[in-house]
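Please treat every number below as a calculation from the coordinates, not as lab data. Everything quoted here is computed from the prediction, not taken from an experiment. All Cβ positions, glycine included, derive from the backbone under ideal geometry; neighbour counts span all protein chains shown.
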Amino acid sequence: MKKFLILFCTIFFNLSNAIEVNVVDSTFYVNGNPYYMRGICYHPVPLGKIKRDFSNLSTDISLMKEAGINTVRVYEPIDDIEVLNKLADAGIKVVINFGYNQRGRYDILSGSLIDYIYKYKDHDAILMWELGNEYNYHPQWFGGNINTWYAVLELAAQAIKTVDPSRLVSSAHGDLPTKEILALASSIDIWGLNIYRWDKPQSVFKEWEQVSTKPIYFSELGADSYMTKPTLKYAAGENQQAQADANGIILKEVLKNYDKNIGAFIFSFTDGLWKAGNPYTQDTGGSAPNSDGTPYDGSANEEYWGIVDINRNKKITFDVIKEAYLNHKIN
């Protein structure tokens, strides 16, 4: 915290950004043009590996473009100018997420996220800076007091705005933050919501109106393709139809209410075989806090969330998402 405060006090203004974003009347504008984030969460880890790898980027970009995806959300900064260039050349923008503690590698705790922003803030692939990912579910990371996180979040947002006033700063929250949380982190411009409320994400809109007038986006939502238990409609085991049906209903409701949100990120692009058990095999299970709202079995099988599998074969949900995104009328 002390180091971060020192860093914050020594930052100088630099206004030479290549992109200008703002929100007016719940519409997101990029360089003066309306922009809705037709998004996907993107953390590609190859078969048998545990670390992110962009070796399949060209294939992934082609699939994303086919599906109407215009924005990716990544869980750690992309420190590779060629990757950012390829995304920009394809017309795909990036929401860069900074973690709290990444051992000093472009993280919030050390303040080194500012180094990354200085390095890449002129790159037009980068749409927005995002801080943390549903940390409200992990007070143990902050000595049992989650308000410590919100205090750091506020300082980080202020520091980023000093370095890069042309972009907005967000945070991805597990479900809805309270009025008290919003007051503690008042410098956050936009709130991302990781929403797993079965297939009814639209339930958040009226609740949000009661706590804030700030814009929101869905930083995570969707369903996996594995049914831990059967229902009257869906058999147990791998079930791509259940995933496709859920994602279709979810996106229909989100996009129908595009005037109440500025974007949605389906979780996720590819299956993550690194998450539970052997990274060479697709295992059930995995750690997912507050996952009982996952359709349609109330269980998040972490290795089955992709809209494509580990070999980039399209799942049924791919075409459902493609239809929803390509028929959406804003950008």
Any chance residue 154 is among the acidic types (Asp, Glu), in a helix (DSSP H, G or I) and crowded, with 17+ Cβ neighbours inside 10 Å: yes
Qualifying residue in the stretch 182-190 (condition: in contact with a Lys or Arg (Cβ under 6 Å, 6 or more places away or on another chain), farther than 24 Å from residue 314 by Cα and assigned to a loop (DSSP other than H, G, I, E, B)): no
Complete set of residues in the stretch 284-313 that are touching a strand residue (DSSP E or B) at 6+ places or on another chain (Cβ under 8 Å), in a loop (DSSP other than H, G, I, E, B) and under 27 Å from residue 61 (Cα atoms): 301, 306, 307, 309, 310, 312
Top-ranked residue in the stretch 240-266 [being part of a helix (DSSP H, G or I), under 18 Å from the mean Cα position of the chain (by Cα) and among the β-branched types (Val, Ile, Thr); ranked as surrounded by the fewest Cβ atoms within 10 Å (Cβ to Cβ)]: 254
Filtered residues of the stretch 143-166 (kept if touching a residue at least 24 places away in the same chain (Cβ under 8 Å) and under 14 Å from residue 101 (Cβ atoms)): 149, 152, 153, 156
Among the residues listed as 109, 131, 113, the single one being out of contact with any His (no Cβ under 9 Å at 6 or more places or on another chain) and under 27 Å from residue 65 (Cα atoms): 131
Helices (runs of 4 or more DSSP H) contained entirely in the stretch 40-136, each with at least 1 residues that are surrounded by fewer than 17 Cβ atoms within 10 Å (Cβ to Cβ) and touching a residue at least 60 places away in the same chain (Cβ under 8 Å): 57-66, 113-120
